[in-house]
Amino acid sequence: MAGTIYMNFNIEAQPIYLIAGAVGALLPDIDEPKSYLGNKTKSTSFFINIFFGHRGITHSILALLILQPLLLLFFMINNINLDILYFFNSGYLSHLLTDLFTKGGIPLLYPNEKRYKIPVFKTGGFLERIFRYVLYYMFFGFIKF
């Protein structure tokens, strides 16, 4: 997805972009203490999970609307390259997209609790892995190395 979004941009691959994409892809699952990021941030993950549950606010457009101005302000104050946000956002949106295709769905319009889904595959299943690899190819396939 990121590769498709950026193929019209002249962005050279840099490790920080790949890290930003990975962090963006992992961040929605901070609401699950057993996830990779949740395990690294136990108290934060536990707090978010208690108040919002797994696949709650962090799996919604609202989370991005809250996060974006904060990140933008932080990046601008610290004079950090804003291209990094493109990769972070692509990772985050890729995560939401893949969870949209699971049977559990996501509360895209949180606080509205309706879960939107296009149930194509089971979380952790064979089809999800294939879909994930296609997204990885799209991400890495269009970046200049």
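Some points to look at:
- A Cβ distance below 7 Å, combined with a sequence gap of six or more or placement on separate chains, defines the contacts here; from the stretch 40-62, residues that are under 20 Å from THR123 (Cα atoms) and in contact (Cβ under 8 Å) with a residue 24 or more places away in the chain reach residues that are of a type in the set (A, V, I, L, M) and exposed (fewer than 15 other Cβ atoms within 10 Å of the Cβ) in the pairs SER60/LEU109.
- Taking the criterion of being touching a helix residue (DSSP H, G or I) at 6+ places or on another chain (Cβ under 9 Å) and either part of a loop (DSSP other than H, G, I, E, B) or surrounded by fewer than 14 Cβ atoms within 10 Å (Cβ to Cβ) (or both), the residues of the stretch 73-97 that qualify are ILE80, ASN81, LEU82.
- Filter result for the condition that a residue is of a type in the set (A, V, I, L, M), in contact with an Asp or Glu (Cβ under 7 Å, 6 or more places away or on another chain) and either modelled with pLDDT under 95 or under 18 Å from LEU27 (Cβ atoms) (or both), over ILE80, ILE84, ILE106, ILE57: ILE106
- Index of the failed condition, ARG129 passing every other in (1) part of a loop (DSSP other than H, G, I, E, B); (2) basic (Lys, Arg); (3) more than 20 Å from ILE30 (Cα to Cα): (1)
- The residue list LEU135, LEU70, LEU127, LEU82 contains one member that is under 22 Å from ILE57 (Cβ atoms) and among the aliphatic types (A, V, I, L, M), which is LEU70.
- Top-ranked residue of the stretch 98-118 - restricted to ones that are among the hydrophobic types (A, V, I, L, M, F, W, C) and surrounded by 14 or more Cβ atoms within 10 Å (Cβ to Cβ), ranked as farthest from THR58 (Cα to Cα): PHE101
- The C-beta contact set for the stretch 85-96 (first residue touching a residue at least 12 places away in the same chain (Cβ under 8 Å), second residue among the hydroxyl-bearing types (Ser, Thr, Tyr), distance under 7 angstrom, 6+ apart or interchain) comprises TYR86/TYR6; PHE87/TYR17.
- Test: residue in the stretch 51-72 that is surrounded by 15 or more Cβ atoms within 10 Å (Cβ to Cβ) and among the basic types (Lys, Arg): yes
- You will find that of LEU93, LEU70, LEU62, LEU127, the residue that is closer than 28 Å to ILE16 by Cβ and modelled with pLDDT under 95 is LEU93 and no other.
- Residue in the stretch 55-68 that is touching a strand residue (DSSP E or B) at 6+ places or on another chain (Cβ under 6 Å) and closer than 25 Å to VAL134 by Cα present: yes
- Every condition in (1) modelled with pLDDT under 95; (2) crowded, with 17+ Cβ neighbours inside 10 Å; (3) charged (D, E, K, R) holds for ASP29 except the one numbered (1).
The values are calculated or read from the model by the stated rules, or taken from the named source; none is laboratory data. Keep in mind that this is a model prediction, so the values were computed, not measured. FYI the Cβ positions are ideal-geometry reconstructions off the backbone, even for glycines, and counts take in every protein chain you see.
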